[in-house]
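This is the structure I have questions about; it appears just below.
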Amino acid sequence: MVAASTNTEKLPKGFKPGAKAGAVDQTKLNKNAAKAAADKPAKDAAAKAKPAKAPAAEKPAKGKPVAAKKEKGERTQAGYTEGQKITVKSKENPHREGTLGAKTFALLKTGMTVGEFLDACEKHSADRGYLGHWVKKEHVTIK
């Protein structure tokens, strides 16, 4: 059996007996933290000195319908207001039978308003989120 050596000249600088492999010398970390803390107030002062940017003018998103100005308390869905009329263009239900999409599409009737559709969705536990998708896919139009 080999006896433990007491010669510390061959050991790496900062080695501490009994320390775990890969342990970091805390004195170096503390010095680096002190330097970072000293630099932080200077950085904060520089950040405060910059003028605030003016908010950019909002542009309407391409491809999205421009909704009429809604009254207080009026519901909207996919950018459409309650009073707008729905026209169903598809002759068949585009969704697989038995799915939530098929159930929701079956609620649509030509001439109903968006508000009536939202009421029907609440009554029948249907998903009103399909409306915007159907407009994009041209299954329905809203005017």
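Taking the condition of being in a loop (DSSP other than H, G, I, E, B) and charged (D, E, K, R), how many residues in region 120-143 meet it? Give the steps one after another, and end with the answer.
Residues of region 120-143 in a loop (DSSP other than H, G, I, E, B): 124-129, 137-139, 143.
The next check asks that each one be charged (D, E, K, R); those that pass are 127-128, 137-138, 143.
Of the residues in that region, 5 qualify.
Further question: Among (1) at pLDDT below 95; (2) of a type in the set (V, I, T); (3) surrounded by 16 or more Cβ atoms within 10 Å (Cβ to Cβ), there is one condition T76 misses while meeting the rest; what is its number?
Against the list (1) at pLDDT below 95; (2) of a type in the set (V, I, T); (3) surrounded by 16 or more Cβ atoms within 10 Å (Cβ to Cβ), T76 comes up short only on (3).
Residue by residue through region 104-127, note down the ones that are within 16 Å of K91 (Cβ to Cβ) and either buried (at least 17 other Cβ atoms within 10 Å of the Cβ) or touching a Phe, Trp or Tyr at 6+ places or on another chain (Cβ under 8 Å) (or both).
If the condition is that a residue be within 16 Å of K91 (Cβ to Cβ) and either buried (at least 17 other Cβ atoms within 10 Å of the Cβ) or touching a Phe, Trp or Tyr at 6+ places or on another chain (Cβ under 8 Å) (or both), then F105, L108 are the ones that fit.
Name every residue in region 99-119 that is in a helix (DSSP H, G or I) and polar (S, T, N, Q), in order of residue number. Break it down into steps so the answer makes sense when it comes.
Residues of region 99-119 that are in a helix (DSSP H, G or I), as a first pass: 100-106, 114-119.
T104 - this is the single residue of region 99-119 that is in a helix (DSSP H, G or I) and polar (S, T, N, Q).
The values are calculated or read from the model by the stated rules, or taken from the named source; none is laboratory data. Bear in mind that the values here come from a model prediction, so they are computed numbers and not experimental data. Neighbour counts are summed over all protein chains in view; Cβ atoms, including those assigned to glycine, are modelled from backbone coordinates with ideal geometry.
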